[in-house]
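The values are calculated or read from the model by the stated rules, or taken from the named source; none is laboratory data. Here the structure is a predicted model, which is why all the values come from computation and not from measurement. As a convention, Cβ positions derive from the backbone with ideal geometry for all residues, glycine included, and neighbour counts pool all protein chains shown.
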Amino acid sequence: MDDTAIRKRVLITGATGYIGRRLTHRLLADGAFDLRLMVRNARKVMVAVADKVEIVEASTFEPESLTAALEGIDTAFYLIHSMAGNEDYHRQDRISADNFRKAAIHAGVKRIIYLGGLGVKESASKHLLSRIETGEVLSSSPDKIQTIWLRAGIIIGSGSASFEILRNLCQKLPIMITPRWVRTMTQAISIEDVLAYMQQSIELEYPGDLMVDIGSERLSFQQMMRQAAEVMGLRRALIPVPVLSPRLSSYWLILFTPVPYKIASALVEGLKSETLLQNDHAARYYPDIEPAPFRESVATAIKELESNQVLSRWCDSSGGTACDIKDFDDPAGAVLRDVRIVEYDQGIQQAAVFQAACALGGPNGWFKYHFLWRLRGILDKLVGGYGLSRGRRNTGQLRLGDAVDFWKVVDLKENKRLLLYAQMKLPGQAWLEFDVQPTQLVQTAHFLPRGLLGRAYWYAVMPFHNFVFSDLANTVVRMSRKPPATQ
Ligand SMILES: NC(=O)c1ccc[n+]([C@@H]2O[C@H](COP(=O)([O-])OP(=O)(O)OC[C@H]3O[C@@H](n4cnc5c(N)ncnc54)[C@H](OP(=O)(O)O)[C@@H]3O)[C@@H](O)[C@H]2O)c1
């Protein structure tokens, strides 16, 4: 880059979400821009990233907070949505986009780059319709601010919801009963290619608003399942059945994959009608990007998973109007508690105890009473919760906002404290805290019951707590004694 050129100041909103985290890494690696991240909770940004960018805390539902976020910005990425929030997400997403557009115009921002979904309004699912409306709101003042609106369908990348669905179906089901919607044609794209389009959109020389449909080759979900299975070295039989309603298919998906009903049904609804590129703007204005074929995208995603290099996951964001980290990081209001204290001698390092607590869940499991945790997970799944199937992003390390099975990391103080907030379906709110002190581990399960039912639930599960929680605390300490594995 020409040293005398003025560096563009770029804002990434949704920087703690699936796309935003990866875009941040990509633009940081590029080094050509001055980056500012707009987040709802600065603590969710990893220290290694926070050191290299400017961070502003803001929410699109607090318009006054947007002034500081947008001040001096040339180009702003809009990567926000509140899909999993509540039933009213359509209206919320419109308000969010409207507040953002107005604030961006006021701040003199020149370009908004928005990533939405692929598809047309006429046959759009509820979720896609909301993404289209968001794009329409953002681009509704073309005389005042320019919008580049990228539209992507299924994104293939480690940790993306669609990829997790594909991967889990292929890995868990040797024989798959496939409904009609799996034959609908679509054009998936790799996360790497999405990021390439986003990056080039910053410098793209184009005078007005532009809509750019991005995707790789045309494939049906069925073809994608076959190809993904082949890449994984698996032989899978697909048996088509004429009747399997979208609702039933969604339940089927939540049974075998980690995603909750809302995401599963959004995918199934989205696949009821074709989602193919409606324009050739990607090839015309971004000629040097050649989208990777589907097989290659799957292979790359698998490689990232296998090498424990997953940068972001579909469950990173709070998925709602409330920021789960900010709003749930203090269990002080809980009224019921189960406290376990395990003393340890000087031979055990405080850091090792903390590390053992941070390795819980996912493939590492929950020790001796893992079957009880599994049972709780199955019950949770049955009533629409996450169950244990979300696993974890990284087998050894945690960062604030990570999902660990049905928990969410809401506080993390290096070598001192790990606080998990329960995202399972419960008649109340629950936390699991590991307070690591120089010679003892204090493990506390906090519960804030909702009414009488909440209290009844707590006392009903108390006998199980006796086994589960005492084993957990003891084993965490025992694990810390283990000599480190030799390479
Ligand atoms: N992921 C895909 O497979 C995919 C496919 C096609 C298109 N897209 C599009 O890409 C965009 C980004 O999607 P994503 O998957 O990265 O979403 P995501 O993981 O759910 O992240 C959403 C982000 O928005 C933030 N946010 C939510 N409400 C906010 C508010 N009121 N103010 C400020 N920030 C707010 C969240 O912050 P918290 O962390 O605080 O919750 C989070 O950082 C969306 O427009 C989506 O339609 C995604």
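What about Lys121, is it out of contact with any His (no Cβ under 9 Å at 6 or more places or on another chain) and of a type in the set (Lys, Arg)? Yes; evaluated as a whole, the condition is true for this residue.
Determine whether Ile19 is under 22 Å from Ser139 (Cβ atoms), under 23 Å from the mean Cα position of the chain (by Cα) and either surrounded by fewer than 18 Cβ atoms within 10 Å (Cβ to Cβ) or within 13 Å of the ligand (Cβ to nearest atom) (or both). In short, yes.
Please name all residue pairs, on different chains or six or more residues apart, with Cβ atoms under 8 Å, provided the first residue is in segment 366-377 and is over 9 Å from Val468 (Cβ atoms) and the second residue is of a type in the set (Ser, Thr, Tyr) and not in a helix (DSSP H, G or I). Short answer, once both residue conditions are applied: Gly377/Ser389. Any residue in segment 125-144 that is more than 9 Å from the ligand (Cβ to nearest atom), outside any helix (DSSP H, G or I) and hydrophobic (A, V, I, L, M, F, W, C)? There is no residue in segment 125-144 that is more than 9 Å from the ligand (Cβ to nearest atom), outside any helix (DSSP H, G or I) and hydrophobic (A, V, I, L, M, F, W, C).
Put simply, of Val212, Val194, Val120 the only residue that is in the same structural domain as Asp288 (by TED's automatic domain parsing), over 29 Å from Leu311 (Cβ atoms) and within 16 Å of the ligand (Cβ to nearest atom) is Val120. Filter segment 114-127 down to the residues that are under 22 Å from the mean Cα position of the chain (by Cα) and among the hydroxyl-bearing types (Ser, Thr, Tyr), then identify the one that is surrounded by the most Cβ atoms within 10 Å (Cβ to Cβ). The qualifying residue surrounded by the most Cβ atoms within 10 Å (Cβ to Cβ) is Tyr114. Scanning segment 236-262 for residues that are assigned to a loop (DSSP other than H, G, I, E, B) and closer than 14 Å to Leu166 by Cα yields Arg236, Thr257, Pro258, Val259.
Being within 16 Å of the ligand (Cβ to nearest atom) and assigned to a loop (DSSP other than H, G, I, E, B) is the filter here; which residues of segment 322-342 pass it? Within segment 322-342, Ala322, Cys323, Phe328, Asp329 meet the criteria.
Against the test of being surrounded by fewer than 20 Cβ atoms within 10 Å (Cβ to Cβ) and within 24 Å of Phe371 (Cβ to Cβ), the options Tyr421, Tyr457 yield a single qualifying residue, Tyr457. Scanning segment 67-81 for any residue that is without any contact (Cβ under 8 Å) to a residue 24 or more places away in the chain and either among the β-branched types (Val, Ile, Thr) or more than 20 Å from Gly135 (Cβ to Cβ) (or both) turns up at least one such residue. Residue count for segment 22-40 satisfying the condition of being of a type outside the set (A, V, I, L, M), near the ligand (Cβ under 10 Å from one of its atoms) and farther than 19 Å from Asp193 by Cα: 1. When Ser265 is tested against (1) free of Cβ contacts under 8 Å to residues at least 60 places away in the same chain; (2) surrounded by fewer than 15 Cβ atoms within 10 Å (Cβ to Cβ); (3) assigned to a helix (DSSP H, G or I), just one condition goes unmet, and that condition is (2). For segment 196-222, filtering for residues that are part of a helix (DSSP H, G or I) and in contact with a strand residue (DSSP E or B) (Cβ under 8 Å, 6 or more places away or on another chain) leaves 6. Taking Ile113, is it of a type in the set (Val, Ile, Thr) and farther than 30 Å from Glu274 by Cα? It is false that Ile113 is of a type in the set (Val, Ile, Thr) and farther than 30 Å from Glu274 by Cα. Identify, by number, the condition in (1) in the same structural domain as Tyr206 (by TED's automatic domain parsing); (2) farther than 30 Å from Tyr206 by Cβ; (3) without any contact (Cβ under 8 Å) to a residue 60 or more places away in the chain that Ser307 doesn't meet. Checking Ser307 against (1) in the same structural domain as Tyr206 (by TED's automatic domain parsing); (2) farther than 30 Å from Tyr206 by Cβ; (3) without any contact (Cβ under 8 Å) to a residue 60 or more places away in the chain, the one that fails is (1).
Any residue at all in segment 369-376 that is under 23 Å from Tyr261 (Cβ atoms) and surrounded by 18 or more Cβ atoms within 10 Å (Cβ to Cβ)?
yes
Scanning segment 295-321 for residues being part of a helix (DSSP H, G or I), within 13 Å of the ligand (Cβ to nearest atom) and over 16 Å from Ile165 (Cα atoms) gives a total of 0. Number of residues in segment 281-318 that are surrounded by fewer than 20 Cβ atoms within 10 Å (Cβ to Cβ) and out of contact with any strand residue (DSSP E or B) (no Cβ under 8 Å at 6 or more places or on another chain) equals 19. When the helices (runs of 4 or more DSSP H) confined to segment 47-113 are screened for residues that are surrounded by fewer than 21 Cβ atoms within 10 Å (Cβ to Cβ) and within 9 Å of the ligand (Cβ to nearest atom), those reaching at least 2 such residues are found at 89-107. Within segment 12-36, residues that are under 23 Å from Ala68 (Cα atoms) reach partners that are away from the ligand (no atom under 13 Å from the Cβ) and polar (S, T, N, Q) with beta carbons closer than 8 Å, at six or more positions or on different chains, in the pairs Leu23/Gln199; Leu27/Gln199. Note on segment 235-250: residues that are more than 11 Å from Val182 (Cα to Cα), under 27 Å from the mean Cα position of the chain (by Cα) and either surrounded by 15 or more Cβ atoms within 10 Å (Cβ to Cβ) or at pLDDT 90 or above (or both) amount to 1. Residues of segment 424-448 that are part of a strand (DSSP E or B) and of a type in the set (Val, Ile, Thr): Val436, Val442, Thr444. Can you confirm whether segment 347-360 contains a residue that is away from the ligand (no atom under 15 Å from the Cβ), closer than 26 Å to Gly14 by Cα and crowded, with 16+ Cβ neighbours inside 10 Å? Yes, there is a match, as at least one residue in segment 347-360 is away from the ligand (no atom under 15 Å from the Cβ), closer than 26 Å to Gly14 by Cα and crowded, with 16+ Cβ neighbours inside 10 Å. Right, Arg43: more than 11 Å from the ligand (Cβ to nearest atom) and outside any loop (DSSP other than H, G, I, E, B) or not? In short, no.
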